[in-house]
C-alpha cells in the first residue's frame with residue numbers, strides 16, 4: 001500500500017529505515033510507532049557501525065603493542081605512549097563514528113517531534129524527551145532511555161491538531177468523528193474563529209468555520 005511521504009505509515013516494516021532517511025529534516029506531520037522504532041534502529045546501526053569496530057580495534061591494538069613494548073626494558077617507560085600512537089588509526093574510526101552521529105542529529109530530533117505529534121502532544125515535548133534525557137544521562141543513566149517512551153504511546157485523535165494535509169491517513173483504532181472534531185477545532189483556533197458555546201477539543205464534531 002502506497003502511503004504519501006508526508007503521512008505516517010502505520011505498521012510499516014523494514015522499509016521504515018529508508019522512509020526515515022527520506023524524511024531527514026521533516027518536522028511537520030506525524031510518525032507512527034513503527035516508523036519511530038525503525039528510525040531508532042537506523043540511528044543505532046549508523047552510530048555503532050564505526051564506533052564499535054573502532055573501539056574494539058583500539059583496545060586490541062593498544063594491548064598488543066603494550067605487551068610488545070613492555071617486553072623490552074629499553075622501551076618499557078614509553079610503552080603507553082608508543083601503544084597509543086600505533087592505535088591512532090582506530091581512534092580515527094571512532095572519530096568518524098562521532099561525525100556520523102552528528103549528521104543524524106537533525107533527523108533524530110525530527111523523528112521524536114513527529115512521534116510526539118502523532119500521540120497528540122506538541123512536538124516540543126518530543127524534543128524535551130530527547131535533549132533532556134541526553135543531558136541528564138550524565139547524572140542518571142536511565143534518563144537516556146526517555147526518548148524511547150514516545151515509541152510506546154498510542155496514536156491519538158489529537159494528532160489531528162498537527163496534521164497539515166487535507167487528506168490525512170488516520171491512525172488505526174481512532175474514531176474518525178473524534179479525529180475530524182479535533183481537526184476542525186484546531187483549524188478554527190488557527191483562524192481565530194470563536195468556538196461555539198461548550199465547544200472543546202475532543203468534543204463532538206461542529207461545523208467549522210461558523211456560517212457567515
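Quick one: P(r) of segment 26-133 from all Cα-Cα pairs, 5 Å bins, percents rounded to integers, in order of increasing distance.
Reading the bins upward from 0: 2, 13, 16, 14, 11, 9, 8, 7, 6, 6, 4, 3, 1, 0.
Quick one: length gained pulling residue 2 to residue 81 fully straight, 0.36 nm per residue minus the C-alpha distance?
Gain in length upon complete extension: 22.7 nm.
Using 7 Å Cα-to-Cβ label points, what is the residue 45/residue 131 separation (nm, one decimal)?
2.9 nm
Sort 10-16, 145-151 by the packing proxy (mean of other Cβ within 10 Å over each peptide's residues), most packed first.
Packing proxy ranking, top to bottom: 145-151, 10-16.
Say we join alpha carbon atoms closer than 10 Å with springs in a Gaussian network model of the chain; which of 155, 167, 134 then has the biggest fluctuation?
So, out of 155, 167, 134, the one fluctuating most is 167.
Taking the simple approach of a point 7 Å from Cα along Cα-to-Cβ for both residue 91 and residue 21, what is their distance in nm?
Simple spin-label model gives 3.1 nm for this pair.
How far is helix 88-103 tilted, in degrees, relative to the longest principal axis of the Cα atoms in the chain, given as a value from 0 to 90 rounded to the nearest 10?
The two axes meet at around 10 degrees.
Could you state the angle between the C-alpha long axis of helix 105-118 and the longest principal axis of the C-alpha atoms of the chain, as a value from 0 to 90 degrees rounded to the nearest 10?
30 degrees
For the chain, find the longest principal axis of its Cα atoms and tell me its angle to the long axis of helix 33-70, 0 to 90°, nearest 10.
Taking the Cα atoms of the chain, the angle to 33-70 is about 10 degrees.
What is the fewest-to-most order of 180, 9, 2 by other Cβ atoms lying within 10 Å of their Cβ?
Ranked by crowding around the Cβ, least crowded first: 2, 180, 9.
Of the labelled options (i) 21.4, 63; (ii) 18.5, 69; (iii) 24.7, 95, which one gives Rg and Dmax of the Cα atoms in Å as computed for this structure?
(iii)
Which of the three applies to segment 84-128, rounded, prolate or oblate, going by the alpha-carbon gyration tensor with a ≥ b ≥ c and a/c under 1.5 meaning rounded?
prolate
Under a 10 Å cutoff between Cα atoms, tell me which one of 81, 152, 36 has the largest fluctuation in the Gaussian network model of the chain.
Largest GNM mean-square fluctuation: 81.
Coordinate-derived values only; no laboratory data. Keep in mind that what you see is a predicted model, and the values were worked out from it rather than measured. Cβ coordinates were reconstructed from backbone atoms using ideal geometry, including for glycine residues, and neighbour counts include every protein chain displayed.
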